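What follows is a set of notes on a single structure, which appears directly below.
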Amino acid sequence: MDFPLIASSTPSKRLFLFGGAGLLVVAVALLAYFGTEIRANERKAAKGPPAVPVSIAPAEQQVMPFRLQAIGNVEAYATVSVKARVDGQIATLNFREGQPVKKGSILFRIDARSYEAALRQAEANALRDAAARDQARSQAKRYQELLDKNFVSKEAYAQIRTNAETAEATAKASEAALENARLNLEYCTIVSPIDGYVGKALLQAGNLARANDVNPLVVINQVMPIYVNFAIPEQSLADVRKYMAAGPLTVDVVPPDPAAPRIAGQLIFIDNAVDPSTGTIRLRARFDNRGAALWPGQFVNVSLRLFEQAGAIVIPSQAVQTGPDGQFVYVVGKDMVADVRRITVQRSDGDWAVVSSGLVKGEQVVTRGQLRLGPRTRVQVSKAPEAS
């Protein structure tokens, strides 16, 4: 019978079938794994490096002022060193150091008692001499009448006439002395001759003031209006004279804070000679300086506007890069790929660069993120284009 033979061969077949199925499963799993890896690598190879986040701005065409930049020094419109005109002890100070004062405001008072006494004495002398003058005039008039009637000699009349003229001169001298005494008393009150700001008081109350002393009592600076002096290269002198002859030129003081408004003034003076040691010419501008934004002695950035350039291509200054071959920018195309473009920058004006060649209106340039860029680099915009 064959039953024993069949019973003995069945386990071997089952083991063979199970082993083959296991190997098939492992092969399918390995094939699926390596296929997934190959497809992932193919996708990565096709995709390339990730896009670089950047900020962009368009090249714009607009009217741009042509300016000359310089460093200026603020100078007071007028400076007065206040001095005493009479000797005396300072009785009072009627101001706070650094405060604004108006023309005619009382600054100092000098002890005036001695000058009041001198004025009273001068008034008395003037009255005495005026009475003597009137008496001499009356006597000369009577002697004139007697001389006409031949009652007195010409010599006697001449003496009386001389006495009258002497009395007249004495009376005039007394009047002059009286006026001088009045002035000395007036000088005891020292007032401000201009509108401005007072400095530090160099003599305090109780000190003795000397007439026309070398050191002033206080210095006053007028700051409204005010001057700003600056220098430009002599190569620009011809252009400045040309445009100044055509009309007033505007001078702006550029504040340190970009958000703060510029202070506008007018060019009023060109020096009559170029400084041969520096090759520059000195200019002066006048500012109304309302609010006292400018202060004497201050150094400021000055911008002299010569003319308006129409149709200028401008981009933000931070978009301009400098390399071995000169200045360039990264231009972003419609395919969001940034490429290097060489440009020529004519000049800079604040946050803007005026481009004379290399760009046209509407092209997008990278303003932030240039350090991670190279030729033909894919980019993505991290924020909206910057507003002009």
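A few comments on the model shown:
- Spatial separation of Cα centroids for the range 129-208 and the range 262-306, in angstrom: 52 Å
- Heavy-atom accessible surface of the chain: percent carbon and sulfur, 1.4 Å: 55 percent
- Cα centre as origin, Lys/Arg/Asp/Glu Cβ charges: the chain dipole, Debye: 880 debye
- For the chain, calculated [θ]222 nm from helices alone, where every DSSP H run of n ≥ 4 adds -39500 (n - 2.57): -11500 deg cm²/dmol
- On a per residue basis, the chain carries 62 Å² of accessible surface, using protein heavy atoms and a 1.4 Å probe.
- Projecting the Cα atoms of 208, 147, 105 onto the dipole axis of the chain, where Lys and Arg carry +1 and Asp and Glu carry -1 at the beta carbon, places 105 farthest toward the positive end.
- Computed from phi, the 3J(HN,Hα) profile of the range 188-198 under the Karplus parametrisation 6.51, -1.76, 1.60 (θ = phi - 60°) reads 5, 10, 9, 10, 6, x, 9, 7, x, 10, 7 Hz, with x in place of Gly and Pro.
- Using alpha-carbon coordinates, inclination of helix 154-187 to the longest axis of the chain, degrees: 30 degrees
- The range 308-388, dipole about Cα centre (Lys/Arg Cβ +1, Asp/Glu Cβ -1), debye to the nearest 20: 340 debye
- Set against the 2.2 N^0.38 Å expectation for a compact globular protein, the chain has a Cα radius of gyration ratio of 2.27.
The values are calculated or read from the model by the stated rules, or taken from the named source; none is laboratory data. Quick caveat: nothing in here was measured; it's all calculated off a predicted structure. Note: ideal-geometry Cβ built from the backbone for every residue, glycine included; neighbour counts use all protein chains shown. SASA here: full protein model, heavy atoms, side chains in, ligands and nucleic acids out. Shrake-Rupley method; radii C 1.70, N 1.55, O 1.52, S 1.80 Å.
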